[in-house]
């Protein structure tokens, strides 16, 4: 079980949250300008890193806000959380 | 029976509360406070089971959860409990205890014949044989399966129910032996909230088994006093009978509390269990240690017990586990057992000590009592069949030292910390040579104390427990300055143990020496495993099944590590131990499932009209969590009849459908139109207020994700309908895009699915019904055209009425606040009665939409279907970007031979195609046979008087009218069909515009 | 290779089993091989075996970070079936199933493949439609498949709760009679032993730390036991595919998740087939030892950690107690997890990569065990010919660019 540090509600059991996959994958501003390979990279390819991993979570059963969690995927240790406003 | 082996004094049993249980039908007298095991021993019953593989006679080895042998079946019928340990099961009146895995009886088990062929069925024998002839494997397997297994599952559903408790505390102490009690006391003293859990019925642990003193009083008295203090403290929760079985990340600890009953109708002594999910800030582990068995020939004979267990039976239960004992040890603790036995009047005929010069306090005392001590001696093997009869002693060099008669052979190979929870929490451990066992490395967040930390001295254990409790409380933020003093006990000097893993040379070669008693894994099996290259401890485990029994190898694994290390000539630290996996002790599936079964398995969602549907005789179907009216059979009607009647009523007169389950999302804000433009394939900004539009939503992969109508309520407000099943996923999807990708858009999403009920009126007379029910909305065609919506009142209730249609008929979808929906529904039904209004369910809805060729997401689509595939390419805007658009121009998305939506008409109009049946060009016996597609929807259309079907067929749209064949599912037949336009009824769409 | 048979077992038994030799050598890595396979799991060892056996390529090493068979081959629930929906999947899994049917004899190692039948349960009308679609496709692909009613399910597994009063009643289901289970560890050991006998070097405790390339071609692997040159490299590292691929600068469409399973204490036989329900996410069968083996759905977050979320176990057990009410008083003995690499379409990648000589066999998600023989067979072909076999051509990496996905989870076939 992970204790997810919701920036608005505090730490809560992961049961209350929805996992939203890797963070920092911005949607291309002009998809039509991309090659099929570039589009596929955006669409499907993931770093899937073993170690520090920035990822999206939504406090579905709470404030319903999306935010970013940094977690070590090898140990599940949570290293921090940030809101979209604050994130770089 | 008179309990011939009951000692006449001592023990913690209540001699004023006698009771009787049965073992294989034989009455067993015992006292309250006994376990089944102590009760059996008090009556001289030493044969309690048969081993898993060779069916050798087996007795009680331990007095706790680590026992590899004492598995029994409790009770009978629905409440029976298979594979419970006699050593931890409290004796209760009327309890029915039976042996497992022996036939016809425990004494005469035909399967003990396996013992005769044991030389030919070593570890992993089945990997090397039973391969020929190939077709015989099911036969071999049948035999293997019936020879294996232990107890029997109940034969009826479980009548008990199980609760879950969610708890938080500052300090959780696992184990209420001396270390745990001291820790709980020290932590509670600071004011911290403490939970103290112990797997046994009585807290006290080892203190209840020995004669040692704490704070100048007998250990049990100190334990009782401490427990009384803790029970009285408001900040302490004391949980006896509670096993901590799993320790997970974030410090989540799962406890299983056994609920004990003495009601005979409960058959077993447990009437369920309660699972505690505890999130402590700090954890003190005081889980103790397990005594290690020793290897010698026939070391599995009933009567061979752990020395510590003998002390427990003598001191705690006032039971003599035998009448004449021999002890075999490599450390001092067995001498304490010898003294306990002597004190109880049971002669100790010999102590064989591996060490050449045992000279600690305890050996000296034993010698002083006149107990014969054999230094540098080992037991070569045990004599006896169903019970040990003698121990053959020899020197480490193999020189015979005589055979000593005994019916009790106590062994102690040292102590291995019960690291299970520590290891589950990924706490690292290290080989401790003074223990000859793995001990936890300190400093990893969890506070081990006492034997689990490798501390076997009582005084030091109490100090360590006190320290751990105070440290844990401080780490949790509690410290009141005046720390409690650790309870005192006598320090005794103990001589170091001398690891003894396997008999030197060929000492005991001729007799089997069991490393894992439950799994019948012998020393020879380990040798074979290593010889064949299965050297990693995990390979040994998997190849020999070492430690895979219901005891999880609690005794076997620590022994095996040393044995394997010695066989390989390696350091035990490098051999390691198999990964400790939860559960520490088995936990019933029902307890873990808790209340999430039956009606509470998943919430049932119903609409406000549910009762009305029930009264009207509706049959229901599950759609996601919803229970929806499926069809309304009238007396004597089949489903087919009812659906045909409902369909014709809608096509000819008017029907009414409860469509409240549709998802409804309000999209508001200045940028709402822009937002919809990005998530739908078609354009929304220019949709005028008051108008509705059908939209398709795609995943970024270009595949249809959801569809539905959205209405523009006013300038900055849209109401989006989603499919029933996708209501929650669509909202989540939209929120994710809005919050993570487009936070600059000023848009707010609100789910209003539950707030608005939706009643669909459909059919040529629906306008008349709506008028008759009373509405202030002008219904004339020019005032309220197709694909518009109006706000007003229906039957006196504020309503949003949408002129949209999923049936192809003139239709109104009437949204009213959920709390008034039943009233409006009934008003419409009343108003429509003269016009023949007919309630219809989801099945009729499906037929009507299929007649019109309307798709259902999830039925025509499966996550691999683009808008163009279902003939909705016209909804793809070329002038804007939207989610999934780029994927529509990938090479695979533009293949001409993609599967496309077509209609299928059977040659025989009465023939309804099987849904899911595949479509081929040319039928034949060849396999694999190339397939063109499959039938997605298939019905008998009452209005057309024939069957219709929708199908996804490769390249289907370009070849309409072609001859195809559909496979049946059950009888290998082919049904000839022709493809056609998927709109079967009113292709011009005139009827919905009237 | 010592021949395994009853006569040999008896003969050696009379001598105390003292002259059995290691099932495989503890090989030291050589400086160079024609083919190096990374990962001594089921698929990797099968690949090595078929390379040596069918393609005559015996200068092969299989490198393993830890102990042989310690990954998903030793952690799965051992289910074998071939009733997949789409043609590409159906063909490769059915090919694999046919190999299973003779595998014990082929390897001279009893993998205890038990075709006790496999049931899939439908709990809704749409699931019934989906299962019917799959049965029809299977039948035309030459795969045995039957659509069953609720009554027929009840006859096959009398202890299954087929009452209409449950929360999600059993409406019907499918049966693949040739489906079943096998002894998972034995598969790894059997392939290891057979490959070793053909000259393949199996190198345990040898972790790959880098992949070297020159001119767009793989040249060697850096390992904890030195550099090893390779003519071709096959990465077969379930649960680690992204990590290994990243060493060669390749990004994969894979996310790694924990997948949990558990066993109960052993019981006398109570039911025969494998029973699976995708709606309530559970699959269960009884092992030859008598334990119930239960599998769950994957944990949602990406993770390489092997501590699964206990909530998943709770959900699985609730579902099992619903389907099999008499299991409620049976006890969970052990739970564990493996790491599964999941592709967006729940289908594997068996493919070349942008780097010449570097091939990947990964992304099997929750379904890799049953494919072990077939996967090894086609991957051996791919490595030997430096191009895919028709059976694995559809499972190319570039399908994620063209869009030609093989969407098995979208299409009703449960993903395990």
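Please treat every number below as a calculation from the coordinates, not as lab data. The model shown is predicted, which means the values in this text are computed figures rather than measured ones. All Cβ positions, even for glycine, are placed from backbone atoms using ideal geometry, and neighbour counts span all protein chains on display.
So if we plug the beta-carbon distance of residue C:159 and residue A:16 into 1/(1 + (r/R0)^6) with R0 = 35 Å, what FRET efficiency do we get, rounded to 0.05? Approximately 0.45, to the nearest 0.05.
Between residue B:634 and residue B:907, the contour length at 0.36 nm per residue exceeds the alpha carbon distance by 95.1 nm. Which residues in region B:191-205 have a backbone N closer than 14 Å to a point placed 7 Å from the Cα of residue B:165 along the Cα-to-Cβ line? In region B:191-205, the label zone of residue B:165 (backbone N under 14 Å from the point 7 Å along Cα→Cβ) covers B:194-199.
Cα centroids of region B:627-657 and region B:387-426: how far apart, whole angstrom? First find each Cα centre; the distance between them is then 78 Å. Quick one: go through region C:213-247 and flag any residue whose amide nitrogen is under 15 Å from the point 7 Å out along the Cα-to-Cβ line of residue A:24. Backbone N within reach: none found. When you work out D = kT/(6 pi eta Rh) for region B:663-751 at 20 °C and 1.002 mPa s, using the Kirkwood radius from C-alpha pairs as Rh and the Stokes-Einstein form, the result is 168 µm²/s. Summary value for chain B: 9 percent relative contact order, contacts being C-alpha pairs under 8 angstrom separated by 6+ residues.
Computed over chain B, the per-residue total of -39500 (n - 2.57) for DSSP H runs of n ≥ 4 gives a 222 nm mean residue ellipticity of -6000 deg cm²/dmol, rounded to 500.
Mean sequence separation of contacting Cα pairs (under 8 Å, at least six apart), scaled by the length of region B:320-407, corresponds to a relative contact order of 27 percent.
Computed over region B:726-817, relative contact order equals 28 percent, with contacts defined as Cα pairs under 8 Å that lie 6+ residues apart. Cα extents for region B:149-296 along the principal axes, largest to smallest and rounded to whole angstrom: 52, 44, 34.
Placing R0 at 45 angstrom, the Cβ-Cβ distance between residue C:25 and residue B:897 gives a FRET efficiency of 0.30 after rounding to 0.05.
From helices alone, chain C scores -9000 deg cm²/dmol at 222 nm; the rule is -39500 (n - 2.57) for each run of n ≥ 4 DSSP H residues, then divide by the residue total.
What is the protein assembly as shown by shape, rounded, prolate or oblate, if you read a ≥ b ≥ c off the alpha carbon gyration tensor as root eigenvalues and call it rounded for a/c under 1.5, prolate for a/b larger than b/c, and oblate otherwise? It is prolate, given that a/c is not under 1.5 and a/b is the larger ratio.
Take every residue in peptide C:121-131, count the Cβ atoms of other chains within 10 Å of its Cβ, and give the average of those counts.
Values: counts 0, 0, 1, 5, 9, 9, 1, 2, 10, 5, 2.
Average per residue, whole number: 4.
Shielding by partners for peptide B:138-149, expressed as the average number of C-beta atoms from other protein chains within 10 Å of each residue's C-beta, is 5. Label sites at residue B:250 and residue B:389, each approximated as a point 7 angstrom past Cα along Cα to Cβ, lie 6.1 nm apart. When the Cα atoms of region B:320-407 are aligned to their principal axes, the ranges along those axes come out at 35, 33, 17 Å in descending order.
Past the 23 angstrom mark, what percentage of all C-alpha to C-alpha distances in region B:500-593 do you count? Result: 25 percent of Cα pairs exceed 23 Å.
Kindly work out what percent of the DSSP beta bridges joining two residues of chain B are antiparallel, to the nearest 5.
Approximately 75 percent, going by the DSSP bridge assignments.
Helix B:842-851 and the longest principal axis of the Cα set of chain B meet at an angle near 50°.
With no solvent and one equal point scatterer placed on each C-alpha of region B:388-543, evaluate the Debye formula and give log10 I(q)/I(0) for q = 0.08 Å⁻¹, two decimals. Log-scaled intensity ratios, in q order: -0.39. When both region B:297-324 and region B:475-519 are represented by their alpha-carbon centers, they are found 18 Å apart. Using only Cα atoms and rounding to the nearest 10 degrees, what angle (0 to 90) does helix B:458-475 make with the longest principal axis of chain B? Relative to chain B, helix B:458-475 is tipped by roughly 30 degrees.
Using a simple spin-label model with pseudo-atoms 7 Å out from Cα toward Cβ, residue B:648 and residue B:674 lie 5.6 nm apart.
Restricting to bridges with both residues inside the protein assembly as shown, how much of the DSSP beta-bridge set is antiparallel, in percent to the nearest 5? Here the antiparallel bridges make up roughly 75 percent for the protein assembly as shown. The mean number of Cβ atoms from other chains found within 10 Å of a Cβ in peptide B:591-604 is 6, as a whole number. The Cα trace of region B:895-993 gives Rg and Dmax of 13.6, 50 Å, the first to one decimal, the second as a whole number.
A Förster radius of 51 Å combined with the Cβ-Cβ distance from residue B:32 to residue B:399 puts the calculated FRET efficiency at roughly 0.55.
Only alpha carbons enter this Debye calculation for chain B, each as an equal point scatterer, and the log10 of I(q)/I(0) it gives at q = 0.06 Å⁻¹ is -0.66.
In this rough spin-label picture, where each label sits 7 Å from Cα along the Cβ direction, the residue B:830-residue B:641 distance is 3.1 nm. Can you run the Rg to Rh ratio on chain A? Use alpha carbon positions and the Kirkwood inverse-distance Rh. For chain A, the value is 1.03. Relative to the longest principal axis of chain B, what angle (0 to 90°, nearest 10) does the C-alpha long axis of helix B:219-232 take? Value to nearest ten degrees: 30. Comparing mean-square fluctuations of C:243, C:316, C:181 from a GNM of chain C with C-alpha springs under 10 Å, the top value falls on C:243.
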